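The values are calculated or read from the model by the stated rules, or taken from the named source; none is laboratory data. Keep in mind that what you see is a predicted model, and the values were worked out from it rather than measured. We place every Cβ from the backbone using ideal geometry, glycine too, and count neighbours over all the protein chains shown. When the accessible area is computed, the model is the full protein with side chains, heavy atoms only, and any ligands, DNA or RNA have been set aside. Shrake-Rupley method; radii C 1.70, N 1.55, O 1.52, S 1.80 Å.
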Amino acid sequence: MSHTTTHRTDPTAFHCSSCGTSTYDGPRDHCPQCLHARHQDGAGLCGAFMAPLAVAVHGPGEWRLVHRCTACATLTSSPVRADDHQVALMALAVRPLAQPPFPLDLLGRI
């Protein structure tokens, strides 16, 4: 089952089944509100749900969204767009600081 679908009659339409957002501002690969996507691979369309995992800085001023496929665990990245939800992007960017893989009190011992 596909969680993010593109309306077949309008190539500029994008409907997100994760949050219900619809946008008609041209072809896109992820939802501008919740940042979820649909897995598309070179052989066709996997169609599985892709959850936003992180934000990566690719170069000066160039952020990319990192997604993981929920079916096959494939990682992909795509450029952040100007209309992407800024709070959702920042939440992804600070997640490693907010949820470190070790107790924060260990930092005081360094």
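Scan the range 46-81 for residues that are more than 20 Å from residue 20 (Cβ to Cβ) and touching a residue at least 40 places away in the same chain (Cβ under 8 Å) and report the count. Talk me through it step by step, then tell me what you get.
Kept after step one, since they are more than 20 Å from residue 20 (Cβ to Cβ), are these residues of the range 46-81: 46, 53-64, 66, 68-69, 71-80.
Keeping just the survivors that are touching a residue at least 40 places away in the same chain (Cβ under 8 Å) gives 54, 78.
So the answer is 2.
Tell me, yes or no, whether the range 37-57 has at least one residue that is open to solvent by 80 Å² or more (accessible area, probe 1.4 Å), more than 23 Å from residue 97 (Cβ to Cβ), modelled with pLDDT of 70 or more and out of contact with any Lys or Arg (no Cβ under 7 Å at 6 or more places or on another chain). Break it down stepwise before answering.
Filtering the range 37-57 down to residues open to solvent by 80 Å² or more (accessible area, probe 1.4 Å) leaves 40, 42-43, 45, 57.
Within this subset, residues satisfying the condition of being more than 23 Å from residue 97 (Cβ to Cβ) are 40, 42-43, 45.
So of that shortlist, the ones also modelled with pLDDT of 70 or more come out as 40.
Narrowing the set further to residues that are out of contact with any Lys or Arg (no Cβ under 7 Å at 6 or more places or on another chain) leaves 40.
Looking through the range 37-57, at least one residue is open to solvent by 80 Å² or more (accessible area, probe 1.4 Å), more than 23 Å from residue 97 (Cβ to Cβ), modelled with pLDDT of 70 or more and out of contact with any Lys or Arg (no Cβ under 7 Å at 6 or more places or on another chain).
Residue by residue through the range 82-95, note down the ones that are without any contact (Cβ under 8 Å) to a residue 24 or more places away in the chain, open to solvent by 60 Å² or more (accessible area, probe 1.4 Å) and part of a helix (DSSP H, G or I).
Within the range 82-95, 86, 87, 90, 94 meet the criteria.
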